[in-house]
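One structure below.
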Amino acid sequence: MIQYNMKLSQIAKDYDIKITNDINISGLNDLINAKETEITFLHDIKYKEQLKQTKASAVFVTKEFSNLCPKTSVPIVCENPYIAMAKTTKLFSKPLYKTTGAKPNIDKTTKLKENTALGFDTTIGKGSVIFDGVFIGDDVFIGNNCIIYPNVSIYSGTTIGDDCIIHAGTVIGSDGFGFANDGGKYIKIHHNGVVKIANDVEIGSNTSIDKAVFGATIIENGVRIDNLVHIAHNCHIGKGVIITGQCGFAGSSKLGDYVVIGAQSGVSGHLSIAPYTTISARSGVTKTIKNSHKQYTGFPIMEHKIWLKIQSKIQKLLPKDKR
Amino acid sequence: MIQYNMKLSQIAKDYDIKITNDINISGLNDLINAKETEITFLHDIKYKEQLKQTKASAVFVTKEFSNLCPKTSVPIVCENPYIAMAKTTKLFSKPLYKTTGAKPNIDKTTKLKENTALGFDTTIGKGSVIFDGVFIGDDVFIGNNCIIYPNVSIYSGTTIGDDCIIHAGTVIGSDGFGFANDGGKYIKIHHNGVVKIANDVEIGSNTSIDKAVFGATIIENGVRIDNLVHIAHNCHIGKGVIITGQCGFAGSSKLGDYVVIGAQSGVSGHLSIAPYTTISARSGVTKTIKNSHKQYTGFPIMEHKIWLKIQSKIQKLLPKDKR
Amino acid sequence: MIQYNMKLSQIAKDYDIKITNDINISGLNDLINAKETEITFLHDIKYKEQLKQTKASAVFVTKEFSNLCPKTSVPIVCENPYIAMAKTTKLFSKPLYKTTGAKPNIDKTTKLKENTALGFDTTIGKGSVIFDGVFIGDDVFIGNNCIIYPNVSIYSGTTIGDDCIIHAGTVIGSDGFGFANDGGKYIKIHHNGVVKIANDVEIGSNTSIDKAVFGATIIENGVRIDNLVHIAHNCHIGKGVIITGQCGFAGSSKLGDYVVIGAQSGVSGHLSIAPYTTISARSGVTKTIKNSHKQYTGFPIMEHKIWLKIQSKIQKLLPKDKR
């Protein structure tokens, strides 16, 4: 994710801070994942324990909590750390497309059909087929024996393993839906992360998978995704997960291995679903599911067997002769 | 919207009417917006007050209500004015693509990547980037500093302001979903309107925004739209509105400024939502919301706090030991 | 659907069976539709009556039910016939694209715009328009007076009648969502069927229609489909059906003539909906509807008038002063 080195003084120039040690900052990251050379931010007090343990060398933070920063982190005091973060993502964003780099490295056993676009520093393995009208950005890696159907768009930085199939019209790596509200003006959060798709993944047509803010949106081995599915930034889809048509996943939701999601269901952001959970069709998951191997239904969700009983009770709200 | 001048006699030739003053008709429009040179229609008696005030020079109307037409409007009496309107939209529809016109006028600071299509009489401002595989029809205007990602399709007549971002696979200006049922045969309503997108708008991937029947589908300044969203013909999306993933808006729905719509929600046609309203995820809005600054949830929607209480009551339909 | 002739011994080589009459097998099919030259499978005992009447010359079947096979069908005994079927679909799958065949046969009155892809043995009739960036695979037939808007992807084997309109970004013929679970490893079910679209069909933008496992996904005459709709493999959409935005249909669902489906609704697989049924927006249909001309609403669905009464009762769970 490291894109540019930038002086801390340059990043912090709009904030009221005296830089005594003008170190190089290599990137912006969240509190947990930030490295020693990165900057981070605290935008919600519920993450204060993460702040205390961050390795970041600088932190956007309100005055009130600036004393919680570890000694190794310079506090950059600001009124709204979330807005500061959003503005800073722009400083670390890559250019939209490279104007120079290595020519695409495509194995000679891979078939490129017509009117494809291939960015610089892109690699495709053996025996893959890239259909007509496919767009592949810069720094993309695609493995062996993949099939990319027509008019698929793969944004820069995406990695796709072996034996993957992506159906027509699907988009991998579009920007996540994120911005900071600065008094009615929305400041774009530049998504400087990527999408990483492992091996043996099949993705249907007209599906959208957004790239991460920081780090990666991850699709593990063996996942099956149907048509018209929306997977937001920073989701983590576990091994062997099955996602049926028109489901949607908000940012940073985490699905355990072998979860099955019925069609037209939705999952809220920043929660996790235990392995081997089944979510029935048309359900809305708004809380973390901790126990594996159960089935949930409805909105709000409840255990499937409870949902069935409740539906029966609801029917009985009407007298028998009126049903 | 004016496309052709056509004699009233030509438009009305299939109807039982004697034309005494064979004026030129410049277009077809609804009762309220029709100009003096246009024709309109009354298909539902609930619009009779609009009929009385229409400026149109001719009106498709049933015999029963023909006497309500203002003196300046010639009634064209027909059995089914909606079918007459549908048939007439064809007369005013533009050709699918121009075969002649001005070459695209693209500022030299704008980057056009490969395999793009650009129609006649199309203008793109400064500093924009048009990615590979993008289709841009005739008479399209795109402003400065826009980014149009790969495989986006922008139909003829669309206007897009400055600083807009449109992600891959999105379609702007497809025909609205409209037809008149003529005894089981559907007569297409040709959508002769356009889509107008203002400044600083970001639209996610694989989203569809339909053009208007008459006039324009309008997206105001600062709007943020996520992936896989459906915006039907003639919607009006107010300033700063936030629309999250997989929401859908039926024809002519109107969202006030700074409305926020949670994911996978739907809004019925021909209604309006007051500014600063929040609609929770997975809600279905079927009536106009008049009071601003409130949150609504559910289907049918209710105030969020009521919805929470009702969910709690529904749970209690089951005895405690069975939940 | 017949693609290759293959010896029964080759298909059955991994199974414990002695082939006494090594016939040619022309394809794989379901119990009902299998021809005398085809192989089939019994994966659920509820289809045992179909097994007894199958014309297939061989059947994947468990030991327990192998005695139910008709005399004309050789049982190929296996532990899991569904997995055997999935593996066998691969044997009958076509190559991803043809490397030889007849050049596309496009009537000279049809307009092909730029950057289109056309497979071998493809035919397009008179007066059609194929916009920029459209992909059309091998063995596709498109009739007269069709409009295929930009960046549409039409997979090999699709047939489209006369007077059809397909809006931008739509995908016709992507693989259905199907696989057999072999101990956590998903075996792809190759979809060797096609999509057949009749005459006078209009399909919105960014919609996905999957091809069939065997046989065809069928869209009958006069159907209207809106944007972002998901139609899974082997669906049968009857004449004049109206499908509004963002609806989804699971595999093998069958809609009778003139059914109307409100926006954002879903229909489960392997069920049928009687002609002239209306499904309200945001409904979930999980059971077959046998009586025509009624309206259903909700999830689970119920008659619309009942749903209205129940919603009213639900409201009354809260005391009047708290609503």
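List of remarks:
- Residue check, C:Asn234 in the same structural domain as C:Asp163 (by TED's automatic domain parsing) and either touching a strand residue (DSSP E or B) at 6+ places or on another chain (Cβ under 6 Å) or in contact (Cβ under 8 Å) with a residue 60 or more places away in the chain (or both): yes
- Candidate set from the range B:302-323 (those that are of a type in the set (Lys, Arg) and more than 13 Å from chain C (Cβ to nearest Cβ)); member that is nearest to B:Gly266 (Cα to Cα): B:Arg323
- Tally, over the range A:24-36, of residues that are open to solvent by 60 Å² or more (accessible area, probe 1.4 Å) and either within 21 Å of A:Lys13 (Cα to Cα) or in contact with a strand residue (DSSP E or B) (Cβ under 7 Å, 6 or more places away or on another chain) (or both): 2
- Looking across the range C:38-49, just one residue is among the hydroxyl-bearing types (Ser, Thr, Tyr) and either closer than 17 Å to C:Ala212 by Cβ or in a strand (DSSP E or B) (or both), and that is C:Thr40.
- Members of the range C:22-37 found to be in contact (Cβ under 8 Å) with a residue 24 or more places away in the chain, farther than 10 Å from C:Asn5 by Cβ and either assigned to a loop (DSSP other than H, G, I, E, B) or charged (D, E, K, R) (or both), listed by number: C:Asn29, C:Asp30, C:Leu31, C:Asn33, C:Glu36
- Checked across the range A:169-188, the condition of being more than 20 Å from A:Thr286 (Cα to Cα), charged (D, E, K, R) and in contact with a strand residue (DSSP E or B) (Cβ under 6 Å, 6 or more places away or on another chain) holds for at least one residue.
- Here A:Gly240 clears all of (1) open to solvent by 10 Å² or more (accessible area, probe 1.4 Å); (2) on the phi > 0 side of the Ramachandran plot except the condition numbered (1).
- Among the residues of this structure, C:Asp132 does not count as one that is open to solvent by 40 Å² or more (accessible area, probe 1.4 Å), outside any strand (DSSP E or B) and without any contact (Cβ under 8 Å) to a residue 40 or more places away in the chain.
- When the range A:139-156 is filtered for residues that are open to solvent by 10 Å² or more (accessible area, probe 1.4 Å) and either in contact (Cβ under 8 Å) with a residue 60 or more places away in the chain or away from chain B (no Cβ under 14 Å) (or both), the ones remaining, listed by number, are A:Asp139, A:Phe141, A:Asn144, A:Asn145, A:Ile147, A:Ser156.
- Qualifying residue in the range C:71-82 (condition: closer than 27 Å to C:Ser156 by Cβ and either touching a Pro at 6+ places or on another chain (Cβ under 8 Å) or buried (at least 18 other Cβ atoms within 10 Å of the Cβ) (or both)): yes
- Just so you know, in the range B:288-301 the residues that are out of contact with any helix residue (DSSP H, G or I) (no Cβ under 7 Å at 6 or more places or on another chain) and within 13 Å of chain C (Cβ to nearest Cβ) include one that is least open to solvent (accessible area, probe 1.4 Å), and it is B:Ile301.
- Test for C:Asp14: is it in a loop (DSSP other than H, G, I, E, B), assigned by TED's automatic domain parsing to the domain that holds C:Ser66 and open to solvent by less than 90 Å² (accessible area, probe 1.4 Å): no
- Residue check for A:Lys55: assigned to a helix (DSSP H, G or I) and open to solvent by 80 Å² or more (accessible area, probe 1.4 Å): no
- In the range A:243-268, the qualifying residues are those that are in contact with a Cys (Cβ under 9 Å, 6 or more places away or on another chain) and surrounded by fewer than 24 Cβ atoms within 10 Å (Cβ to Cβ), and the one that is farthest from the other protein chains (Cβ to nearest Cβ) is A:Lys254.
- So B:Tyr97, is it in a loop (DSSP other than H, G, I, E, B), open to solvent by 30 Å² or more (accessible area, probe 1.4 Å) and in contact (Cβ under 8 Å) with a residue 24 or more places away in the chain: yes
- Complete set of residues in the range B:213-231 that are surrounded by fewer than 24 Cβ atoms within 10 Å (Cβ to Cβ) and within 9 Å of chain A (Cβ to nearest Cβ): B:Gly222, B:Arg224
- Checked against (1) out of contact with any Ser or Thr (no Cβ under 6 Å at 6 or more places or on another chain); (2) of a type outside the set (S, T, N, Q); (3) open to solvent by 50 Å² or more (accessible area, probe 1.4 Å), A:Ile19 passes all but condition (1).
- Of the residues making up the range C:157-181, just one is at the interface with another protein chain (Cβ under 7 Å from one of its Cβ atoms), open to solvent by 10 Å² or more (accessible area, probe 1.4 Å) and part of a strand (DSSP E or B), namely C:Phe179.
- Summed over the range C:90-138, the residues that are polar (S, T, N, Q) and either away from chain A (no Cβ under 14 Å) or more than 27 Å from the chain's Cα centre (by Cα) (or both) give a count of 7.
The values are calculated or read from the model by the stated rules, or taken from the named source; none is laboratory data. Just so you know, these numbers come straight off a predicted model, no measurement behind them. Every residue, glycine among them, receives a Cβ derived from its backbone with ideal geometry; neighbour counts consider all protein chains shown. The area values use the complete protein model at the heavy-atom level, side chains included, leaving out ligands, DNA and RNA. Shrake-Rupley method; radii C 1.70, N 1.55, O 1.52, S 1.80 Å.
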